[in-house]
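The values are calculated or read from the model by the stated rules, or taken from the named source; none is laboratory data. Only a predicted model underlies this, so the values are computations on that prediction, with no experimental measurement involved. Here the Cβ positions follow ideal geometry from the backbone for every residue, glycine too, while neighbour counts run over all protein chains shown.
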Amino acid sequence: MKNSFLILFILVICLSCGQDPVPKPNAHLRLEFPEATYQDLDLQLPFTLERNQIATNVDTKQIQGPTESYGVTLQYPSLKGSIYLTYKSIDNKEENLIAFLRDAQKFTQEHTKKADEIVEQLYENNERRVYGMIYEVGGNAASQSQFYVTDSINHFLTGSLYFYAKPNYDSIYPAAKYLEKDIKHIMETVTWK
């Protein structure tokens, strides 16, 4: 009996020796997006820009209002998102420019209810007369990025990024960062006619 107890004890000791259990590290979703390839987008509007080729659907419509206005939608079906652009003519009136700036900034501030943070980044290109601001919205806000650009005299263009899903910042973060680069490229390539 003692021998069987001793053998069982030695067997348990031998089998219990080994590596300590180690918890698995947190997994991170690895999404690979295609490298951005840009091409000119000239829609016979008062401006041109370059768009990413994965934006397969481009819709344009004229908007009724007191100034010349257009809406452009760049759809990214593979990312389940869209960048919505709105162009408005300033018509050489300072009041128009101030109202457009106020509306663009108010639109972004409406996201503070759900946003964890809003980071502003100024954009200026004196050579092309393009001045503006991009807002990067962190958290579960409806839109992850907004921007506006203007020449301060004749042209005003705003844009917003939306996804076709309930906002869950952790899930849409990689796609939002990818499309944020497209928004910055749009701002950098806008040319007024």
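For the reader, a short list of remarks on this structure follows.
- Subset of segment 151-164 (residues that are surrounded by fewer than 16 Cβ atoms within 10 Å (Cβ to Cβ), under 19 Å from residue 88 (Cβ atoms) and of a type in the set (Ser, Thr, Tyr)): 152
- Residues (touching a His at 6+ places or on another chain (Cβ under 8 Å) and part of a strand (DSSP E or B)) located in segment 34-85: 38, 47, 50, 52
- Verdict on residue 183 being in a loop (DSSP other than H, G, I, E, B), touching a residue at least 12 places away in the same chain (Cβ under 8 Å) and within 28 Å of residue 44 (Cβ to Cβ): no
- For segment 37-91, taking the residues that are more than 19 Å from residue 145 (Cβ to Cβ) and of a type in the set (Val, Ile, Thr), the one that is surrounded by the most Cβ atoms within 10 Å (Cβ to Cβ) is identified as 90.
- Residues of segment 121-179 that are touching a strand residue (DSSP E or B) at 6+ places or on another chain (Cβ under 6 Å), within 17 Å of residue 81 (Cα to Cα) and in a loop (DSSP other than H, G, I, E, B): 141 alone.
- Hits in segment 89-120 (condition: in a helix (DSSP H, G or I), modelled with pLDDT of 80 or more and under 20 Å from the mean Cα position of the chain (by Cα)): 103, 104, 105, 106, 107
- Residue within segment 25-37 that is within 21 Å of residue 178 (Cα to Cα), at pLDDT below 90 and of a type in the set (D, E, K, R) present: yes
To keep it simple, each residue is scored yes or no on (1) of a type outside the set (S, T, N, Q); (2) over 30 Å from residue 91 (Cα atoms); (3) at pLDDT below 95; (4) surrounded by 16 or more Cβ atoms within 10 Å (Cβ to Cβ).
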{"residue": "139", "(1), (2), (3), (4)": "yes, yes, yes, no"}
{"residue": "149", "(1), (2), (3), (4)": "yes, no, no, yes"}
{"residue": "166", "(1), (2), (3), (4)": "yes, yes, yes, no"}
{"residue": "178", "(1), (2), (3), (4)": "yes, yes, yes, yes"}
{"residue": "185", "(1), (2), (3), (4)": "yes, no, no, yes"}
{"residue": "188", "(1), (2), (3), (4)": "yes, no, no, no"}
{"residue": "193", "(1), (2), (3), (4)": "yes, no, yes, no"}
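- Within segment 121-137, considering residues that are at pLDDT 90 or above and aliphatic (A, V, I, L, M), the one farthest from residue 176 (Cα to Cα): 130
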